[in-house]
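Right, one structure below, let's go through it.
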Amino acid sequence: MLTEKDQNTDEHWMQEALLEAAKAEALSEIPVGAIVVLDGEIVGRGYNCPISSVDPTAHAEIQALRDAASRVGNYRLPGATLYVTLEPCSMCAGAIVHSRVERVVFAAIEPKSGVVESQGRFFDAPFLNHKVQCCGGVLQEAASQQISQFFQYRREQKKRLKRLSSPSREE
């Protein structure tokens, strides 16, 4: 049984975000999940679904922020922590600032489009009117493995389809 102290660790909350990522994977979306925690309670949940929702903004962070704002009844979420399984992109980082999230905790880095560490330090930009605390690498191995396995499966699936669609040499 989890104690109250165990429930308020970054690892505990990141496990919840990983469960959200599994929901994205079940829809054949890139497995990224996010939750928003305020006062020791999950107030928002989200997972990647831009393909299935036909919405380019339907990243896990955006979904979780929308859910949290709706539940709290305010578009601002001061004191909240966003847990996400992959380093946020520029769109999500902007939404995090606008929502006034206090802290972002992410698992895996995103070397191509992550803007917290990988492609710059967006939250340190001097023009921002809100500063966000950041912590990366929480359950990084689990999140990285989840994403890597997803893409490995997609590559294998693509190869199978290619083999099935190409004419046999024996014909």
Go ahead and set up a Gaussian network model of the chain, Cα springs under 10 Å, then flag whichever of Gly33, Gly73, Gly94 fluctuates most.
Gly73
Hey, can you find the accessible area per residue of the stretch 4-163 for me, probe 1.4 Å, expressed in square angstrom?
53
Quickly estimate the mean residue ellipticity at 222 nm for the chain, helices only: each DSSP H run with n ≥ 4 gives -39500 (n - 2.57), and the total goes over all residues, rounded to 500.
-13000 deg cm²/dmol
Among Leu161, Leu19, Leu139, whose mean-square fluctuation peaks in a Gaussian network model of the chain (Cα, cutoff 10 Å)?
Leu161
Separation between the Glu41 and Ser165 pseudo-spin-labels, each 7 Å from Cα along Cα→Cβ, expressed in nm?
5.0
How much of Ser165 can a 1.4 Å solvent probe reach, expressed as accessible area in Å² and rounded to 10?
90
Nearest 10 degrees, 0 to 90: helix 140-165 Cα axis against the chain principal axis:
30
Within the set Lys158, Lys131, Lys112, GNM on the chain using Cα springs under 10 Å gives the largest fluctuation to Lys158
Check each of the chymotrypsin sites (Phe, Trp or Tyr not before Pro) in the stretch 127-171 and keep only those in coil by DSSP with at most 14 other C-beta atoms within 10 angstrom; list them in order.
Phe127
Set of lysines with alpha-carbon distance to Lys112 below 28 Å, sequence-local pairs under 8 removed
Lys23, Lys131, Lys158, Lys159, Lys162
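The values are calculated or read from the model by the stated rules, or taken from the named source; none is laboratory data. Source: prediction; values computed, not measured. Note that we place each Cβ from the backbone using ideal geometry, even for glycine, and neighbour counts take in every protein chain shown. To get the accessible areas, we keep the full protein, side chains included, count just its heavy atoms, and leave off ligands, DNA and RNA. Shrake-Rupley method; radii C 1.70, N 1.55, O 1.52, S 1.80 Å.
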